[in-house]
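Here the structure is laid out as structure tokens; the discussion comes afterwards.
Each reported figure results from applying straightforward, stated rules to the coordinates on display, with no laboratory input. Here the structure is a predicted model, which means the values were calculated and not measured. Heads up, the Cβs are rebuilt from the backbone with ideal geometry, glycines too, and the neighbour counts pull from every protein chain shown.
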Amino acid sequence: MAQPDHNYDFRPVTKRDLPMIAAWLAEPHVAEWWDDPETEIARIREHIDSISVEPLIVELDGKPIAYLQSYDPHMEDGHPYADQPFGTLGIDLSIGRPELVGLGHGPAIISQFVEELFEEGAPRVIIDPDPANGRAIRAYEKAGFRAIDRRQSVYGDVVLMAIDAEDDAQEGE
């Protein structure tokens, strides 16, 4: 996995972060891939106290730059990715600040976060971009993910991508 040029901090989302996240969700580069900000903020507010989804703010040099969430597809009844190996975690990332898009932060954030998830024992991490979101797919490939399936689910048409802990360990050899 590529080593990031920056070190990112991940902290839990608080209710005070919701207006900032709502502003990010309204940015055109984010809005294209998410539901309307009101709906999404309601979901994120619910996730703050969830056991199956962990909403996080990504910070660079102490400044919030992105929204990241990890989730366990085995903790929700009927989750469309529950067929993945037990212990698999899913992630979603949106860089909120438009001036930071396209500078390599996406692959770097994901690489660092996935490394932390592997250190905590996750055997696989998945992500599910829209097939039309070429920028995201390229960023995830740079972070080591590979497409494993194309699916239609409650989340729409997605490319299911994965990276396995043993893939990462082999790259490090």
Worksheet entry | Low-density loop cleavage sites - GluC sites (Glu not before Pro) in the stretch 63-142, where at most 10 other Cβ are within 10 Å (DSSP) | E120
Worksheet item: With each run of n ≥ 4 DSSP H residues scored as -39500 (n - 2.57), what mean residue ellipticity at 222 nm is computed for the chain after dividing by its residue count and rounding to the nearest 500 deg cm²/dmol?
Response: -9000 deg cm²/dmol
Worksheet entry | Equivalent ellipsoid dimensions for the chain as semi-axes, Å, which come from the Cα gyration tensor, largest first | 22, 19, 16
Practice prompt. Provide the per-residue ³J(HN,Hα) series for the stretch 143-158, in order, calculated from phi with Karplus coefficients 6.51, -1.76, 1.60 and θ = phi - 60°, each as a whole number of Hz, with x at glycine and proline positions.
Written response: 7, x, 6, 10, 5, 10, 6, 10, 9, 10, 8, 4, 8, x, 7, 9
Practice prompt. Would you mind ranking M20, M161 so that the residue whose beta carbon has the fewest other beta carbons within 10 Å leads the list?
Written response: M20, M161
Item to complete: Please sort through the DSSP H helices of the chain and keep those with an alpha-carbon extent of at least 20 Å along the long axis and a Kyte-Doolittle average not below -0.5.
Response: 105-119
